[in-house]
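Single-structure report; data block below.
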Amino acid sequence: QVQLVESGGGLVQPGGSLGLSCAASVSGFSISAMGWYRQAPGKQRELVARIRSSGSTNYADSVKGRFAISTNNAKNTVYLQMNSLQPEDTAVYYCNARVRMSGMDYWGKGTLVTVSS
């Protein structure tokens, strides 16, 4: 089983920064990719950033140049450094992990990021 626990959300002023962390507890699976998604009220969940076990990354166009995703050496923790935050970044941010072979997705419970003055 895979369990994901996010941390680091909170309130920040426009132009500020926040760092999110997600720790994965894995039993019987290996993870092929981890990522961050976000969902604002009344909107669809969208990809923010993703990093594969190879180290390759993908970013939503809206966050390129502002956000950076990374993992620890064991690749069981994923980080999202968010800079130059804007009100439109306000959302619940969810950690995601995809396991090998089955391709199943696992989700954390989310952490709220609020960007407001």
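Want the number for SER53 to LYS109: 0.36 nm per residue separation, take away the alpha-carbon distance, what's left? That works out to 17.9 nm of additional length. Phi angles of segment 72-85 translate, via the Karplus equation with coefficients 6.51, -1.76, 1.60 and θ = phi - 60°, into HN-Hα couplings of 7, 5, 6, 6, 10, 9, 10, 10, 9, 8, 10, 10, 6, 5 Hz per residue; Gly and Pro are given as x. Take 13-24, 100-111, 74-85 and order them by the average number of nearby Cβ atoms within 10 Å per residue, most first; the result is 74-85, 13-24, 100-111. Which residues' amide hydrogens lie under 5 Å from the amide hydrogen of PHE67, considering only partners 5 or more residues apart or on another chain, with H built in the peptide plane? Those lying under 5 Å, H to H, from PHE67 are ASN83.
Beyond 21 Å, what share of the Cα-Cα pairs of the chain remains, rounded to the nearest whole percent? Distances greater than 21 Å cover 32 percent of the Cα pairs. Of the solvent-accessible surface of the chain, computed with a 1.4 Å probe and all protein chains present, 48% belongs to carbon and sulfur. Modelled spin labels at LYS64 and VAL5, positioned 7 Å past Cα toward Cβ, are 3.6 nm from each other.
What does the accessible area per residue of the chain come to in Å², with a 1.4 Å probe and no ligands, DNA or RNA counted?
Using a 1.4 Å probe on heavy atoms only, each residue of the chain averages 54 Å².
At 0.36 nm per residue, and after removing the present C-alpha to C-alpha distance, how many nm does the segment from ALA40 to SER21 gain when stretched out fully?
Result for the pair: 4.9 nm of gain on full extension.
The values are calculated or read from the model by the stated rules, or taken from the named source; none is laboratory data. Everything numeric in this text was worked out from a predicted model, so none of it was measured. FYI the Cβ positions are ideal-geometry reconstructions off the backbone, even for glycines, and counts take in every protein chain you see. Remember, those area values only see protein heavy atoms, side chains included, never the ligands or the DNA or RNA. Shrake-Rupley method; radii C 1.70, N 1.55, O 1.52, S 1.80 Å.
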